[in-house]
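S.K.: Encoded as structure tokens, here's the structure I'll be asking about.
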Amino acid sequence: MVMSGKHFSVHEVGCCIKYFIFGFNIIFWLLGVAFLSVALWAWSEKGVLSNISSITDLGGFDPVWLFLVVGGVMFVLGFAGCIGALRENSFLLKFFSVFLGIIFFLELTAGVLAFVFKDWIKDQLKFFINNNIRAYRDDIDLQNLIDFTQDYWECCGAFGHEDWNLNIYFNCTDTNLSREKCGVPFSCCTKDPAEDVINTQCGYDIRAKGDNEQKMFIHTKGCVPQFEKWLQENLTVVAGIFIGIALLQIFGICLAQNLLSDIEAVRESW
């Protein structure tokens with residue numbers, strides 16, 4: 001009778017934690033499915049699924065990869081957490097804890113390295129943006145990402161609007177026959193509150209004009225310094241988000257370990 005009462009008590013504690021972990025991870029798993037679905041749909045629209053070799057054709061960054069990686073990680077973690085908690089599977093719960101711990105460690109390491117090697121990170125960011133400027137017209141998703149970035153941070157290029165000279169359609173060389181020659185994308189243009197419709201040709205020939213006239217119609221500051229400025233202005237919010245994510249990960253690891261202890265205690269009581 002004593003053993004039966006002990007088993008009942010442990011089982012009740014495990015039940016609360018078990019269904020909490022299950023409920024939390026089912027949401028996580030569904031979000032992972034949604035991210036993967038969006039990524040596969042985007043690749044399907046671009047014809048990548050029918051021609052897998054085209055994945056390597058893009059010179060810049062394909063934003064779909066971000067959805068695939070994030071969605072894949074969320075899918076695997078959510079699945080392990082859901083099934084591990086529901087079926088009281090020790091292996092899946094250990095996998096969930098270790099995988100979450102590795103992600104937490106990688107995030108912590110990335111944060112420390114980013115702080116220590118700020119100049120190197122800045123150089124890599126400049127290289128990354130310039131590489132994607134070259135591939136601006138190669139992929140619609142990349143184009144939308146760059147336009148959103150430049151519009152949101154009111155910037156143009158990595159360190160200035162002249163970075164668009166790297167793109168074959170926007171450079172000012174004599175061999176460039178494009179109508180966009182010596183111009184910038186419309187996302188570099190300053191907004192006119194009186195205009196309801198976006199003027200997609202506002203950046204045409206703008207870099208062939210004088211500096212003062214350029215500043216009247218386009219943003220001349222680069223996205224890297226604008227991002228640094230935004231980060232300094234929103235440092236508290238950004239730090240709060242990262243701390244919140246870290247605490248959520250630690251909380252998930254603790255819950256999984258607690259459930260594992262309960263499962264082992266129940267099995268020992270048998």
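The values are calculated or read from the model by the stated rules, or taken from the named source; none is laboratory data. Computed from a prediction, not measured in an experiment: that's the story for all the values here. Heads up, the Cβs are rebuilt from the backbone with ideal geometry, glycines too, and the neighbour counts pull from every protein chain shown. Just the protein is used for accessible areas: all its heavy atoms, side chains included, with ligands, DNA and RNA removed. Shrake-Rupley method; radii C 1.70, N 1.55, O 1.52, S 1.80 Å.
S.K.: In the chain, which Cys residues have no partner Cys with a Cβ closer than 4.7 Å?
M.R.: C15, C16, C82, C254
S.K.: OK, next. Pop out the carbon and sulfur fraction of the accessible area of the chain as a percent, whole number, probe 1.4 Å.
M.R.: About 67 percent, which is the carbon plus sulfur part of the accessible surface.
S.K.: Here is a further query. Quick one: net charge around D163, please, counting Lys, Arg +1 and Asp, Glu -1 for every other residue with C-beta under 11 Å from its C-beta.
M.R.: Result for the local shell: +2.
S.K.: Restricting to DSSP H runs of at least four residues, report the calculated mean residue ellipticity at 222 nm for the chain, -39500 (n - 2.57) per run over all residues, nearest 500 deg cm²/dmol.
M.R.: Mean residue ellipticity, 222 nm, calculated: -23000 deg cm²/dmol.
S.K.: Related question: Enter the angle in degrees (range 0 to 90, nearest 10) between the Cα long axis of helix 235-269 and the first principal axis of the Cα atoms of the chain, meaning the one along which they spread out most.
M.R.: So the inclination is approximately 20 degrees.
S.K.: Still on this structure: Give the Cα extents of the chain along the principal axes, in whole Å, largest first.
M.R.: 91, 44, 38
S.K.: Using the alpha-carbon atoms, what tilt in degrees (0 to 90, nearest 10) does helix 223-233 show relative to the longest principal axis of the chain?
M.R.: 50 degrees
S.K.: In addition: Report, please, the projected area of segment 93-168 averaged over directions, based on the convex hull of its C-alpha atoms, in nm².
M.R.: Directional mean of the projected Cα hull area for segment 93-168 stands at 7.1 nm².
S.K.: Once you charge only the Cβ atoms, +1 for Lys and Arg and -1 for Asp and Glu, what is the size of the charge dipole of the chain about its Cα centre, to the nearest 20 debye?
M.R.: My answer is approximately 640 debye.
S.K.: Say we join alpha carbon atoms closer than 10 Å with springs in a Gaussian network model of the chain; which of P185, P193, P225 then has the biggest fluctuation?
M.R.: In the Gaussian network model the winner is P193.
S.K.: Here is a further query. Which of the peptides 210-218, 64-72 is most tightly packed, and how do the rest follow, judged by the mean count of other Cβ atoms within 10 Å per residue?
M.R.: Ranked from most to least packed, the peptides come out as 64-72, 210-218.
S.K.: Solvent-accessible area per residue for the chain at a 1.4 Å probe radius, Å²?
M.R.: Result: 62 Å² of accessible area for each residue.
S.K.: Helix 90-116: angle to the longest alpha-carbon principal axis of the chain, degrees 0 to 90, nearest 10?
M.R.: 40 degrees
S.K.: Also, quick follow-up: Kirkwood-based Rg over Rh for segment 66-209 (C-alpha set), two decimals?
M.R.: Answer for segment 66-209: 1.18.
S.K.: Roughly speaking, what is the stretch gain from W230 to F127, that is 0.36 nm per residue apart minus the C-alpha to C-alpha distance, in nm to one decimal?
M.R.: Contour length minus Cα-Cα distance gives 35.1 nm.
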